[in-house]
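In what follows, a structure is listed as structure tokens, so that the remarks can point back to it.
The values are calculated or read from the model by the stated rules, or taken from the named source; none is laboratory data. All values reported here derive from a predicted model rather than from experimental measurement. Ideal geometry is used to build each Cβ from the backbone, glycine not excepted, and the neighbour counts take in all protein chains shown.
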Amino acid sequence: MRKRTMLSLAAVCTICAGSIFAPHLSAFAASLSELQQKKQDVENKSSDVQDKINDKDSKISDINDKQSSLKDQLDALNGKIDDANQKISSKQNEIDDTNQQIDQLKKDISELKNRIEERNKVLKERARAIQENGGGSVDYVGVVLDSKSLSDFFDRLSAVRTIVNADQKIIDQQKQDEANLQDKQSVFEKKLADLQTMLADLKDMKAKLKDDQAAKNALVAKLSKQKDDLEEEKMSLKEQQEILADQKASIEKAMELAKKELAEQKVAKAAEAKASSSSSSSDNSSNTSTNSSSGSLPKVSSGAFTRPAAGYISSEFGKRSGEFSGFHPGIDIANSAGTPVVAAADGVVFRAYHSSSYGNCVMISHYISGKLYTTVYAHLSSYSVSAGQHVSKGQQIGSMGSTGESSGPHLHFEIYNGQWTPPPHNGAQNPRNYINF
Ligand SMILES: [Zn+2]
């Protein structure tokens, strides 16, 4: 339900007529058979409302299905996201390991390079030393020729060759090692690049899963809002149905009263025919207006209906413009909170309850000169009657308040030529047609 702020000083009701029901207002009749028809109308309307309630129920159950399927999907998505997170962290670990290995390889390579460099230096120095001993390419020859004997010659020759060969072998080995390390480094670098591509893919996948999750969560929120709205509409339909059912019961009561009245009239006529001058007054119980309230009761006017409360008219019946636009199905009488509210005519209370829109509310069925009327008294601070109670014109039924969709203390008063009709209350009549305000 829409809640209005209390900013407006005008004490009017903010009930807005949602178009739930098609216009319905039948003409009405003095006869019992037409009253029977009226009852049938109420039954039809009630079954319409039940259809609408069933419709809401099936929509709610659809939403429940959708929600549970979405919940499954979200669970699956959460599983996938967890999986992706695990994969991402394991890839990240692999990348860290690979980076460490690459760092270590780079270190090893640079150490090897240093060693090769050192060895090269040693070799060059040795070569220079040999050169300085004899000079030029004849050095080795010199070393060899310096030999004192043939065996010494061979020894010297072999020693020179061994030294040169050994150094060369070490250098070759180290160069091979360096090449191997570089191969290894390039393998690891390739692995690193692959890992980084995989990580990027995983992160992409996770982002998509997260998007999907966000979209599904938004859908869940939307569905739950729709469900709330449906529940609320269903609740107001339930309220309408209860009102219709209660009024149906009160119409039956009115019918019984009508039959009784008819029977009494026949008896009276028979008595009159006998020329007996005794008058029949059947005013027995209900005319005791027990008005123990402190506020001022409205003057009871002549005619079928009297004004239900003292005060000024803060909003007329009919189309309204401005802040509270829409069709206003009643008239608003503003006064201080607690001002007595009285029954506009004799009748049977068929509903005294709290409604989210009407607030504390009393509804009365009237059977006047063979015709059914309904009056509604809304936004009461409290009510002092209950369903089934017979009330008389001018009898206090409650006090003025600002409960329900109301912006300040006032009485919202509706009158129907026939039974109460659900929003947009097309059956409502201008109370000015019945009461001189
Ligand atoms: Zn009103």
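Table for the structure above
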quantity: Scan of region 411-421 for residues that are more than 10 Å from the ligand (Cβ to nearest atom) and at pLDDT 95 or above, ordered by number; calculated: I415, Y416
quantity: Within region 329-383, considering residues that are within 16 Å of the ligand (Cβ to nearest atom), in a strand (DSSP E or B) and touching a helix residue (DSSP H, G or I) at 6+ places or on another chain (Cβ under 8 Å), the one nearest to K38 (Cα to Cα); calculated: T374
quantity: Residue satisfying all of: in region 321-342; under 26 Å from N417 (Cα atoms) and surrounded by fewer than 16 Cβ atoms within 10 Å (Cβ to Cβ); modelled with the highest pLDDT among these; calculated: G326
quantity: Unmet criterion (only one of (1) among the small types (G, A, S); (2) at pLDDT 90 or above; (3) surrounded by 13 or more Cβ atoms within 10 Å (Cβ to Cβ)) for A207; calculated: (3)
quantity: Selection count where residues are in contact (Cβ under 8 Å) with a residue 24 or more places away in the chain and not charged (D, E, K, R), scope region 51-101; calculated: 19
quantity: One residue from N99, N93 being assigned by TED's automatic domain parsing to the domain that holds N165, touching a Leu at 6+ places or on another chain (Cβ under 8 Å), closer than 30 Å to A207 by Cα and surrounded by fewer than 16 Cβ atoms within 10 Å (Cβ to Cβ); calculated: N99
quantity: Of all residues in region 220-256 being aliphatic (A, V, I, L, M) and touching a strand residue (DSSP E or B) at 6+ places or on another chain (Cβ under 7 Å), the one that is nearest to S69 (Cα to Cα); calculated: I243
quantity: Matching entry among G388, G408, G404 (being in a loop (DSSP other than H, G, I, E, B) and more than 15 Å from the ligand (Cβ to nearest atom)); calculated: G388
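Residue-by-condition table, conditions (1) over 30 Å from H425 (Cβ atoms); (2) within 16 Å of the ligand (Cβ to nearest atom); (3) of a type in the set (V, I, T); (4) modelled with pLDDT under 85:
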site: A11; (1), (2), (3), (4): no, yes, no, yes
site: L32; (1), (2), (3), (4): no, no, no, yes
site: S46; (1), (2), (3), (4): no, no, no, yes
site: E94; (1), (2), (3), (4): yes, no, no, no
site: D103; (1), (2), (3), (4): yes, no, no, no
